[in-house]
Amino acid sequence: MLDAFKSLVLNYSYEPLQFCTARHAITMIFGGRAEGLDSAGYLVRTPSTSFELPTVIRVLKMVRRNRKKGLAFSKKNILRRDNYTCQY
């Protein structure tokens, strides 16, 4: 059930990094690597405690984002983008 819910992972400076499963988000929160910022309202209950599923978490250490360059501007890439159909 926890793998069906997704959580947004934010950098230490609140930049979006990626989405992860709620299971991984809970693991990061209880491991002390992240903090929960927003929750979905769904409760997860264990024998000892209950907590809400996080929808947004923030990583407590700075994670550098690799800024990927965009695709090269070429005829081949434009045709691939347009699914090989004429746009006129």
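Do you know which residues across the range 9-34 are of a type in the set (Ser, Thr, Tyr) and surrounded by 11 or more Cβ atoms within 10 Å (Cβ to Cβ)? Give the derivation first.
Let us first name the residues in the range 9-34 that are of a type in the set (Ser, Thr, Tyr), namely 12-14, 21, 27.
Selection gives 12, 21, 27.
Do we find that residue 80 is exposed (fewer than 13 other Cβ atoms within 10 Å of the Cβ), free of Cβ contacts under 8 Å to residues at least 12 places away in the same chain and either at positive phi or in a loop (DSSP other than H, G, I, E, B) (or both) in this structure? Spelling it out, it is not the case that residue 80 is exposed (fewer than 13 other Cβ atoms within 10 Å of the Cβ), free of Cβ contacts under 8 Å to residues at least 12 places away in the same chain and either at positive phi or in a loop (DSSP other than H, G, I, E, B) (or both).
Every residue in the range 47-73 that is among the small types (Gly, Ala, Ser) and at pLDDT 85 or above, please. If you could, list the steps in order and put the result at the bottom.
In the first step, residues of the range 47-73 are kept if they are among the small types (Gly, Ala, Ser); the result is 48, 50, 70, 72.
Residues satisfying the conditions are 48, 50.
When the range 1-22 is filtered for residues that are among the aliphatic types (A, V, I, L, M) and closer than 16 Å to residue 66 by Cα, the ones remaining, listed by number, are 9, 10, 17.
Go through the range 2-60 and count every residue that is in a loop (DSSP other than H, G, I, E, B) and on the phi < 0 side of the Ramachandran plot.
From the range 2-60, those in a loop (DSSP other than H, G, I, E, B) are 5, 11-15, 31-33, 46-49, 60; that's our starting set.
Imposing the further condition that a residue be on the phi < 0 side of the Ramachandran plot reduces the set to 5, 11-13, 15, 31, 33, 46-49, 60.
Total satisfying the criteria: 12.
Hey, does the range 34-56 have a residue that's of a type outside the set (S, T, N, Q), out of contact with any strand residue (DSSP E or B) (no Cβ under 7 Å at 6 or more places or on another chain) and touching a residue at least 40 places away in the same chain (Cβ under 8 Å)? Give the steps one after another, and end with the answer.
Residues of the range 34-56 that are of a type outside the set (S, T, N, Q), as a first pass: 34-38, 40-45, 47, 51-54, 56.
Okay, now just the ones that are also out of contact with any strand residue (DSSP E or B) (no Cβ under 7 Å at 6 or more places or on another chain), so 45, 47.
Narrowing further to those that are touching a residue at least 40 places away in the same chain (Cβ under 8 Å): none.
The answer is no, given that none of the residues of the range 34-56 is of a type outside the set (S, T, N, Q), out of contact with any strand residue (DSSP E or B) (no Cβ under 7 Å at 6 or more places or on another chain) and touching a residue at least 40 places away in the same chain (Cβ under 8 Å).
The values are calculated or read from the model by the stated rules, or taken from the named source; none is laboratory data. The structure displayed is predicted, hence computed values, not measured ones. Backbone-built Cβ (ideal geometry, glycine too); neighbour counts: all protein chains shown.
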